[in-house]
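Participant: This is the structure I want to talk about, given as structure tokens.
The values are calculated or read from the model by the stated rules, or taken from the named source; none is laboratory data. Only a predicted model underlies this, so the values are computations on that prediction, with no experimental measurement involved. No Cβ is skipped: glycine too gets one built from the backbone with ideal geometry, and neighbour counts run over all protein chains shown.
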Amino acid sequence: MNFLFHMLLSGADEQVLVGNFMGDFVKGPLEERFPERVRLGVALHRRIDSHADTHPAFRRSRQLLAAEYGRYRGIMLDLFCDYFLANDWQRWSPEPLPAYLARTRGIIDRHLYDLPPEMRRLVPTIFEELLPSYGTIEGIGGALARMSARLSRPNPLKGGERELRRHHGALHDEFSVLAADLFAFAGDYLAE
């Protein structure tokens with residue numbers, strides 16, 4: 001899951017960040033389930049995912065990956081986005097990545113009980129293991145292997161990091177196009 005990208009696209013509002021962070025764990029209508037700004041963050045997460053899935057750069061990236069990955073190519077690309085974001089961090093944020101992770105962990109911890117219960121248990125793993133590892137291809141490989149093991153049906157995710165190695169330059173170029181557009185898209189959405 002591309003937690004890092006979603007968090008950075010949240011802007012400065014803590015509650016929006018919390019909602020965007022937990023977006024993959026919230027299903028169905030939002031109604032009054034969360035505070036208003038947290039709901040806005042979940043809605044932002046959904047809009048970002050929808051916009052990214054139809055974006056030409058994301059589609060071109062999906063086509064680069066081997067056909068054997070089928071519908072899992074989108075999941076892989078989400079993680080690859082966090083990899084490229086972590087490696088180009090200074091381009092997208094003036095705050096150093098370790099400081100950003102420490103600050104956002106504090107925000108998530110302060111809003112822990114706004115998170116769905118199944119996600120609360122994952123917060124230490126996300127911040128202490130996953131996010132710090134996303135800057136390496138091996139870390140992405142580990143995340144794909146963990147995700148593969150958690151899914152109930154057989155899937156090709158384990159070992160998918162070889163596609164990141166194989167198409168590194170082209171995927172990076174497409175990420176740069178996608179990221180620039182998503183920052184503008186998220187900023188416009190939050191300004192409305």
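Participant: Counting residues that are within 14 Å of PHE3 (Cβ to Cβ) and hydrophobic (A, V, I, L, M, F, W, C), which helices (runs of 4 or more DSSP H) fully inside segment 95-192 reach at least 1? Explain how you work it out, then say what you get.
Facilitator: Working: elements: 97-110, 117-120, 137-150, 161-166, 168-191.
Per the criteria, 97-110, 117-120, 137-150.
Participant: If you check THR136, THR125, which single one turns out to be β-branched (Val, Ile, Thr), modelled with pLDDT under 95 and surrounded by fewer than 17 Cβ atoms within 10 Å (Cβ to Cβ)? Don't jump to the end; show me each part of the working.
Facilitator: On the way: THR136 fails: modelled with pLDDT under 95.
Criteria check complete, one pass: THR125.
Participant: Within the set of pairs 6+ apart or on separate chains, which have a first residue in segment 81-100 that is touching a residue at least 12 places away in the same chain (Cβ under 8 Å) and acidic (Asp, Glu), a second that is crowded, with 17+ Cβ neighbours inside 10 Å and not in a helix (DSSP H, G or I), and C-beta atoms under 6 Å apart?
Facilitator: ASP82/ASN2; ASP82/TYR134
Participant: If you don't mind, another one. Restricting attention to segment 173-188, and to residues there that are surrounded by fewer than 17 Cβ atoms within 10 Å (Cβ to Cβ) and touching a residue at least 12 places away in the same chain (Cβ under 8 Å), which single residue is nearest to the chain's Cα centre (by Cα)?
Facilitator: Filtering segment 173-188 down to residues surrounded by fewer than 17 Cβ atoms within 10 Å (Cβ to Cβ) leaves 173, 176-177, 180-181, 183-184, 187-188.
Next cut, touching a residue at least 12 places away in the same chain (Cβ under 8 Å) only: 176-177, 181, 183, 187.
Details: SER176: 15, VAL177: 16, ASP181: 15, PHE183: 13, GLY187: 17 Å.
Here the answer is PHE183.
Participant: Identify, from the list ASP82, ASP49, the residue that is at negative phi, surrounded by fewer than 22 Cβ atoms within 10 Å (Cβ to Cβ) and either in a helix (DSSP H, G or I) or touching a Cys at 6+ places or on another chain (Cβ under 9 Å) (or both).
Facilitator: Working: ASP82 fails: surrounded by fewer than 22 Cβ atoms within 10 Å (Cβ to Cβ).
That would be ASP49, the only listed residue that is at negative phi, surrounded by fewer than 22 Cβ atoms within 10 Å (Cβ to Cβ) and either in a helix (DSSP H, G or I) or touching a Cys at 6+ places or on another chain (Cβ under 9 Å) (or both).
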